[in-house]
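Encoded as C-alpha cells, the structure appears first; notes follow it.
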Amino acid sequence: MEWCVPMPKIELHAHLNGSIRDSTLLELARELGEKGAIVFSDVEHVILKSDRALNEVFKLFDLIHIITTDHKTVARITKEVIEDFAADNVVYLELRTTPKRNDSKAMSKRSYLEAVLEGIRSVNSVEVDLSGELKTDAFAHSHSADGLCNGIGSKIYVRLLLSIDRRETAEAAMETVELAVELQDFGVVGIDLCGNPNVGQWLTFLPALEYAKKQGIPITLHCGEVPNPVEIYAMLDFLPKRIGHACCLEDEDWKLLKRLEIPVEICLTSNIKTETIASTDVHHFADLYKSNHPLILCTDDCGVFSTSLSAEYALASSAFGLGKREMFHLAQKAIDFIFASGRVKKDLKAIFASAHTKLNL
Ligand code: IMP
Ligand code: ZN
C-alpha cells in the first residue's frame, strides 16, 4: 500500500512520549545506564517489545518518562516526532502530552511546555506552522529549509493538546487547563484526558474540564478503553468535541454517540496490540464507517506500537476493503474535526485539493 505514504494525512491522536523513535529511546537509556541511573540490559528488551496488553503499556510509559523527563530531552523528542510525522506526509499534527512536574530536574508543568515549544521551533527539515489561534504572537514561528516549500511533505501545521493524566489530582488537572488557556497564543488548541483507564475517577477531572469548556477550549477524552458504563455515559453526556478509542461501548452508548455525532479518533494497531479489541474483524471502525459517523484514523503511540499513520491507513484499507479514493476522502474529512482555526482548515482544504489532482484520484 505504498500509495498511503504520498497521500496527505491529518494526525489528531498522537502522544508525544508514545511516539519516540526506538533508536532515540535506546540511546537515551544507554546514556542513563552509563550514569548508573538504570540498568540498560534490564530495559532494552522492554523498549524493543511491541505487543503488550493495556496495563503493561502504562508500565512502559513509566520507564519512558524516567528516560525522557528533562528539558533537553523533551525538546529533542518533540523535534524528532514532528520530523517523523512530516516525513510520513502528515500535513497537520495535533500532538498531545501531559505537562510534567519533575522537581529533581527543576521542571514545572510550564517549563516542560517551554521545552516542547523549543523542540517545535528547532525543527529545520520541514517548514512548521505553529501560529497562535487568538492573535499573532511574538513566538509564533515559521521557517523553512531551502527549496522545501512546495506541496506535501514540505510544511506541517503543528498544534498542541495538553493531556490530563488520570493519575493526577484535581489541582494538577486545573493547572494544566490554566496553562492551556494561557498558551492559546502559542499553538495550544485543546485539552485531553488520558492515562490508565483503570485508575482515577471521572469526577476528579470534571471541574477542570468544565472550566476548560467555559473558556472555549475544545476537549477530547479517552473514552471506553475498558468497560465502565457509568463513566462512558458521563463522558458522552459531557459533550466533548471528540473522543478517542470508544472500544467498550454498549448498545445504548453507540446510539447516544451516533445521535450526538461525536467524532471518534480510531487507533487500530493500538487497540489490537493492547488486546482492547480482538482483531480488525470485530473492530467498530466498520460499523461507524458504514453509518457515516465522523471518524479519524490515528496512531496513538507510533513508537510504542511500531506503526505510522500511513501504516494505519494501509491496515484500514486492507481490513475493511477500502480503496485509494475512499482512504483519501477519509483523510480529507479529518479537516472538519481539527481543533485549529478556520484559517488552517482553509489551508488544509487547498493542500488536499492540490494533492487530489497530483495523485490522480
Ligand atoms: P506523554 O503525555 O507525552 O507523556 O505521553 C505518554 C502518556 O500518554 C502516557 O503516560 C499515558 O498517560 C498516555 N497514553 C498513551 N497511550 C495511551 C492509551 O492507549 N490510553 C490512555 N492513555 C495513553
Ligand atoms: Zn491515546
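The values are calculated or read from the model by the stated rules, or taken from the named source; none is laboratory data. Bear in mind that the values here come from a model prediction, so they are computed numbers and not experimental data. Please note: Cβ atoms are built from the backbone with ideal geometry, for glycine as well, and neighbour counts cover all protein chains shown.
Scan region 150-187 for residues that are surrounded by fewer than 23 Cβ atoms within 10 Å (Cβ to Cβ), more than 16 Å from ligand 2 (Cβ to nearest atom) and assigned to a loop (DSSP other than H, G, I, E, B) and the total you get is 6. Let me spell it out: the conditions are (1) farther than 21 Å from GLU171 by Cβ; (2) in contact with a Lys or Arg (Cβ under 9 Å, 6 or more places away or on another chain), and ALA278 meets all of them except one. Which number is the exception? All conditions are met except number (2).
Checking GLY244, GLY224 one by one, the residue that is surrounded by 19 or more Cβ atoms within 10 Å (Cβ to Cβ), within 13 Å of ligand 1 (Cβ to nearest atom) and touching a residue at least 60 places away in the same chain (Cβ under 8 Å) is GLY244 and no other. Annotation: SER104 fulfils all but one of (1) under 27 Å from SER310 (Cβ atoms); (2) in a helix (DSSP H, G or I); (3) small (Gly, Ala, Ser); the unmet one is (1). With respect to being surrounded by fewer than 18 Cβ atoms within 10 Å (Cβ to Cβ), more than 17 Å from VAL188 (Cα to Cα) and at pLDDT 95 or above, LYS49 falls outside the description. The number of residues in region 52-98 that are within 16 Å of ligand 2 (Cβ to nearest atom), at pLDDT 95 or above and not in a helix (DSSP H, G or I) comes to 6.
Answer with yes or no whether GLU275 is of a type in the set (D, E, K, R) and not in a helix (DSSP H, G or I). So GLU275 fits the description; yes. Sort out which residues of region 61-101 are polar (S, T, N, Q), more than 14 Å from the chain's Cα centre (by Cα) and within 11 Å of ligand 1 (Cβ to nearest atom), and write them in order of number. Scanning region 61-101 gives THR68, THR69.
Across region 250-277, the number of residues qualifying as within 16 Å of ligand 1 (Cβ to nearest atom) and out of contact with any Pro (no Cβ under 9 Å at 6 or more places or on another chain) comes to 13. If you go through region 26-53 and keep only what is among the aliphatic types (A, V, I, L, M) and out of contact with any Ser or Thr (no Cβ under 8 Å at 6 or more places or on another chain), you end up with LEU26, ALA29, LEU32, ALA37, ILE38, VAL39, VAL43, VAL46, ILE47, LEU48. Among the residues that make up region 290-298, is at least one of them in contact (Cβ under 8 Å) with a residue 40 or more places away in the chain, at positive phi and touching a helix residue (DSSP H, G or I) at 6+ places or on another chain (Cβ under 8 Å)? Checking region 290-298: not a single residue is in contact (Cβ under 8 Å) with a residue 40 or more places away in the chain, at positive phi and touching a helix residue (DSSP H, G or I) at 6+ places or on another chain (Cβ under 8 Å).
Need the failing condition index for TYR313 against (1) hydroxyl-bearing (Ser, Thr, Tyr); (2) surrounded by 22 or more Cβ atoms within 10 Å (Cβ to Cβ); (3) at pLDDT below 95, just the number. Exception for TYR313: condition (3).
When ALA29 is tested against the conditions (1) away from ligand 2 (no atom under 16 Å from the Cβ); (2) buried (at least 21 other Cβ atoms within 10 Å of the Cβ); (3) in contact (Cβ under 8 Å) with a residue 40 or more places away in the chain; (4) small (Gly, Ala, Ser), the lone failure is (3). The residue pairs whose first member lies in region 259-270 and is free of Cβ contacts under 8 Å to residues at least 40 places away in the same chain, whose second member is more than 11 Å from ligand 2 (Cβ to nearest atom) and among the charged types (D, E, K, R), and whose beta carbons are closer than 7 Å, counting only pairs six or more residues apart or on different chains, are ILE262/ARG242.
Please indicate, with yes or no, whether at least one residue in region 290-305 is part of a helix (DSSP H, G or I) and in contact with a strand residue (DSSP E or B) (Cβ under 7 Å, 6 or more places away or on another chain). Scanning region 290-305, I find no residue that is part of a helix (DSSP H, G or I) and in contact with a strand residue (DSSP E or B) (Cβ under 7 Å, 6 or more places away or on another chain), so the answer is no.
Where residues in region 8-26 are surrounded by 21 or more Cβ atoms within 10 Å (Cβ to Cβ) and assigned to a helix (DSSP H, G or I), which of them is farthest from ligand 2 (Cβ to nearest atom)? Checking each candidate, the answer is LEU25.
Scanning region 203-221 for residues that are more than 30 Å from ILE335 (Cβ to Cβ) and either within 16 Å of ligand 1 (Cβ to nearest atom) or charged (D, E, K, R) (or both) gives a single hit, THR204.
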